[in-house]
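So the structure is just underneath, and the comments pick up after that.
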Amino acid sequence: MKKIPIQKLSIKIAILILSMSLGLQAEGSGMHLFILSGQSNMSKLDAKASFLPIVESEFGADKVIIVKSARVGQPIRRWYKAWTLERGVSPEDTGDLYDRLMEKVYKSIKGKKIKTVSFIWMQGERDARKRHGAVYAESLKGLIEQLAHDLNRNDITFVIGRLSDFDMENKIYPDWTTVRRAQEEVAESSPLGTWIDTDSYNDMISSDGKKTKNGLHYSPEGYIKLGEAFARAAIELIHENKSETN
């Protein structure tokens with residue numbers, strides 16, 4: 001058996017260790033992309049004040065990209081392009097808000113290596129009001145699949161802000177509890193997803209002392225808690241799915 005000189009062996013080991021180290025560094029590099037979208041309660045969320053500090057503390061300020069695009073009072077069909085209430089019947093305005101969102105996403109990630117993608121969703125009130133609850137679960141799953149396809153990833157984690165306890169008797173928004181259950185169903189059907197409980201965010205006292213309980217929108221403190229809950233849930237999913245090392 002041919003012997004390798006100690007000096008040459010040491011050099012080879014050093015090179016191997018160095019290459020392994022560089023490989024690990026390359027594998028762990030990249031940005032964490034957080035996409036926030038939805039209707040009014042997402043629109044009212046100040047992500048910079050609540051969501052951003054937590055994810056930057058976890059991953060580093062230079063490793064985080066946040067894209068937020070929300071519009072008050074809009075149904076999920078404005079995001080999901082294949083939305084239908086009846087087979088073969090699709091409104092003309094399907095997907096237009098999604099296109100606006102993705103324009104911002106593509107611009108923000110151009111030329112960057114993306115390590116993980118997290119989708120944060122706060123929407124459903126409009127669909128509950130318009131009695132579209134029967135197709136909400138299918139639409140939300142379709143939206144997530146649509147995003148995964150367009151970003152060419154199968155590891156997108158998602159956090160759903162479940163509808164609050166605003167109308168648990170379905171008096172004003174007939175499909176309120178239907179949409180609420182659908183959001184739970186979608187989140188619980190995938191290891192990549194989860195939902196957060198917003199029931200405690202919508203009680204408030206106005207400047208004139210008037211109390212509001214179980215409001216449609218949240219208190220100022222509620223929006224801070226919403227952003228923080230979204231951030232912690234997103235971080236937990238990233239680590240649980242080990243997508244940060246993919």
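Table for the structure above
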item	result
Net dipole in debye of region 159-246 [+1 Lys, Arg Cβ; -1 Asp, Glu Cβ; about Cα centre; nearest 20]	200 debye
Full-extension gain in nm, Leu216 to Asn154, via 0.36 nm per residue minus C-alpha separation	18.9 nm
Net charge over other residues, Cβ less than 11 angstrom from the Cβ of Asn170 (K, R count +1; D, E count -1)	+1
15 Å beta-carbon shell around Tyr218, net charge (K/R +1, D/E -1)	-4
Per-residue ³J(HN,Hα) for region 148-157, Karplus 6.51 cos²θ - 1.76 cosθ + 1.60, θ = phi - 60°, Hz, x for Gly and Pro	4, 5, 5, 9, 6, 9, 10, 10, 6, 8
Amide H contacts of Trp195 (H built 1.01 Å from N, under 5 Å, at least 5 apart or other chain)	Ile160
Interchain or long-range residues, amide H under 5 Å from Leu36's placed H	Val67, Lys68, Ser69, Ile120
Theoretical FRET efficiency, 1/(1+(r/R0)^6), r = Cβ-Cβ of Lys44 and Lys242, R0 41 Å, to 0.05	0.80
Projected area averaged over orientations for region 101-246, convex hull of C-alpha atoms, nm²	9.9 nm²
Protection proxy ranking of 191-201, 133-143 - average other beta-carbon atoms within 10 Å, highest first	133-143, 191-201
Length gained when the stretch Ile205-Glu138 is fully extended (0.36 nm per residue, less Cα-Cα span)	20.4 nm
In sequence order, calculated HN-Hα J values of region 48-55 (Karplus, 6.51, -1.76, 1.60; Hz; x Gly/Pro)	5, 8, 10, 6, 4, x, 6, 6
Net dipole in debye of region 108-219 [+1 Lys, Arg Cβ; -1 Asp, Glu Cβ; about Cα centre; nearest 20]	480 debye
10 Å beta-carbon shell around Ala231, net charge (K/R +1, D/E -1)	-3
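No value in this document is a laboratory result; all are computed from the given coordinates. What you see is a predicted model, and the numbers here were worked out from it, not measured in a lab. Please note: Cβ atoms are built from the backbone with ideal geometry, for glycine as well, and neighbour counts cover all protein chains shown.
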